[in-house]
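The next block holds one structure in the form of structure tokens; read it before the comments.
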Amino acid sequence: MAAALRSRRPSRRGGGLRGRRVGRSVGLAVLGLGLALAVLGGPAGPSAGRAAAPDEARIVVGAPATLDPAAAGDAASAAVIGALFETVTTYDADLVLRPALAARWSVENDGRRVVFELRSNLRFSDGSPLTAEDVVRSWFRVIDPDRPSPLASLVDDVVGAAAYRRGETRDPGGVGIRTEGPDRVVVELVRPGADLPAIVASPTFAVVPPGVGRDPSALAPGSFVASGGYRLSAASPTALTLVANPAYWAGEPAIRRLELVTDLGGRSPVAVFEAGEVDYTPIGSADATWIVWDRELGPALRSVPALGLTYVGFDTSRPPFDDVRIRRAFAWAVNWRRIVELTGDGSTPATSMVPPGIPGRPEGDYGPRYDPEAARRALAEAGYPGGAGFPPVAFVSGGTGWEEAIVGELRATLGVPISAEVMPFDEYFARLDSDPPAFWALSWIADYPGPNDFLGLLLGSGRTNNYGRWASAEFDAAIEAALEEPDPTAARAAYEAAEAIVARDVPVIPVAYGDGWALSRAGLLGAGQNGLGSLRFAGLAWEAP
């Protein structure tokens, strides 16, 4: 789910999204906050202790920007929202799509209709019934034309949803989302083969009680009503306290109280963990390189995989980057792979907009070639030989760590007047939504494991997450062909055609993939990390002594 993964959807590298943007927190350079239980050794030292009581846990997370699913676009918010509000489907630790609030679903009408059947006797945490009406109301909030979700384009394949989101119609009856009785939700699609059951596993589509969005106090600790495993009981500038929801459909979580630490006060997460103050914390890759050899901390080290991408993009709607020759010049002038490799933070150079681990990922290398001579020729052909007359440009991000290296190569190779600007995480996200910079960076982590979450969602014409405002009928046709194709091999070929168009027209440049690291207390068991950037807190439990 952007330069600092708005997802599901995080590494706060480059401003970042879950299929959403990810941002960088002080001391946290992890693309996900999930739990991986591949222990590197036996318990010893601080890994053997516990920061909380037997039915409690203290976990470091990124500070959420909001607790409203429909308003969230960043991964830190999604990670917390997933504990508070439940979706109709969910992914397990092995990336298998599972029922959640829905007991089952079926795909009908040659793939153009999906029917979700809810579990019986669902309840919110206050005991009130949770019905199909709540699901439909929650999903309509995502496409509210007055306040659309940052990830509203996820459901553009629903009949009438895109037109409703854009305000072209105010008639909800024209949108293909409806109830059939108290326990059935029916969704009509514009084409067969869309990934709807997977898409609605995103926290964006979590089910909320009626007050959310209308009453500001609905998300406050004193009146919080949850559909997920936990409800919010207290909040401070440095932590959120969650308590188990006894009405949760899967049963009351084993860990009854969670303290989600959102601010370490400038302290190192490693030091906080060593002091026994938290049970789980993401850490930077620089720390992981020595911790893996440490006799005491080594057994607590966990690898945290992430289905994420860091990429840079251009505002293709206005000069100078409305000219494909200039975009190509910038792409060819930088040795992107060398920059990533020299970082030494565990990132790997990207070869595609779709990261490894996504089923149906296009095969091949679609990254730009490093060719300074070709870059200079392209810039000269565009009317700026040696950079002469090129307008001043800022490379803006939420903090990738590569800004100066990228800017330095562009200056040296092309002679263009370019500078680097790093903005605070929240301010950068707001700018991406309202007035994207001419040249920007973003990290994105998957909302759901499908190629379209990184291609159609980020680059399709008119999509809410297409920050470069690129439009290509040829690209859109390739994505549509992939979505409509029932044969996986043919669908992959269509996605490969879409990747080739991106590589040719350079609206964006895929830069890096990267996993993260965490420290986890011995005996803390969980659902595991599947790469989507958030942990199912309701699946955590302490191992029996």
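Over the range 151-306, Cα pairs under 8 Å with separation of 6+ residues give a relative contact order of 10 percent. What the Kirkwood sum gives for the chain is a hydrodynamic radius of 23.5 Å, with every pair of different alpha carbons counted. The dipole here belongs to the range 89-205: it is taken about the Cα centre, uses +1 on the Cβ of Lys and Arg and -1 on the Cβ of Asp and Glu, and is about 120 debye. Both radii were evaluated on the Cα set of the range 89-205; the Rg over Rh quotient, with Rh as the Kirkwood radius, amounts to 0.95.
Note on the range 89-205: dipole from Cβ charges, positive end direction compared against Pro197, Asn109, Pro145; the farthest Cα belongs to Pro145. The residue among Ala500, Leu307, Leu410 whose Cα reaches farthest toward the positive pole of the charge dipole of the chain, with charges on the beta-carbon of Lys, Arg, Asp and Glu, is Leu410. Other residues whose C-beta falls under 11 angstrom from the C-beta of Val243 contribute a net charge of -1, scoring Lys and Arg +1 and Asp and Glu -1. May I ask for log10 I(q)/I(0) of the range 170-308 at q = 0.09, 0.12, 0.21 Å⁻¹, from a Debye sum over the Cα atoms as equal point scatterers with solvent left out? Listed by q, the Debye log ratios stand at -0.49, -0.79, -1.33.
Here the chain is treated with +1 on each Lys and Arg Cβ and -1 on each Asp and Glu Cβ, and its dipole about the Cα centre works out to around 440 debye.
Computed on the range 478-545, with alpha-carbon pairs under 8 angstrom and 6+ residues apart, the relative contact order is 19 percent. Our summary gives the range 308-513 a relative contact order of 34 percent, counting only alpha carbon pairs under 8 angstrom and 6 or more residues apart. Among Met423, Met353, sorting on how many other beta-carbon atoms sit within 10 Å of each Cβ, with the fewest leading, yields Met423, Met353. In this structure the amide hydrogen of Phe124, modeled in the peptide plane, comes within under 5 Å of the amide hydrogens of Leu130, none closer than 5 places in sequence on its chain.
Whole-Hz Karplus values for the range 399-414 come out as x, 8, x, 10, 3, 5, 5, 5, 4, x, 5, 5, 5, 5, 7, 9 Hz, taken residue by residue from phi with 6.51 cos²θ - 1.76 cosθ + 1.60 and θ = phi - 60°; glycine and proline positions read x. Once the convex hull of all Cα atoms in the range 466-510 is built, its volume per residue stands at 71 Å³. The Cβ shell under 13 Å around Ala473 holds other residues with a net charge of -4, Lys and Arg each +1, Asp and Glu each -1.
Dividing the helix sum by the residues of the chain, where each DSSP H run of 4 or more adds -39500 (n - 2.57), gives a mean residue ellipticity at 222 nm of -6500 deg cm²/dmol. Give the separation of the Cα centroids, the range 294-333 to the range 100-114, in Å. Here the two parts' Cα centres lie 35 Å apart. Averaged over residues, the count of other Cβ atoms within 10 Å places the peptides 116-125, 490-499 in the sequence 490-499, 116-125, highest first. Take the alpha carbon gyration tensor of the range 308-513, find the square roots of its eigenvalues, order them as a ≥ b ≥ c, and report rounded if a/c is under 1.5; if not, report prolate when a/b exceeds b/c, else oblate. Prolate, since a/c reaches 1.5 and a/b exceeds b/c.
Rounded to the nearest Hz, the phi-derived 3J(HN,Hα) couplings of the range 80-90 under the Karplus curve 6.51 cos²θ - 1.76 cosθ + 1.60 (θ = phi - 60°) are 7, 4, x, 7, 9, 10, 9, 9, 6, 10, 7, where x marks glycine and proline.
Each value in this text was obtained by applying a stated rule to the coordinates, not by laboratory testing. All values derive from a computational prediction rather than experimental measurement. For neighbour counting, all protein chains shown are included, and Cβ atoms are generated from backbone atoms with ideal geometry for every residue, glycine included.
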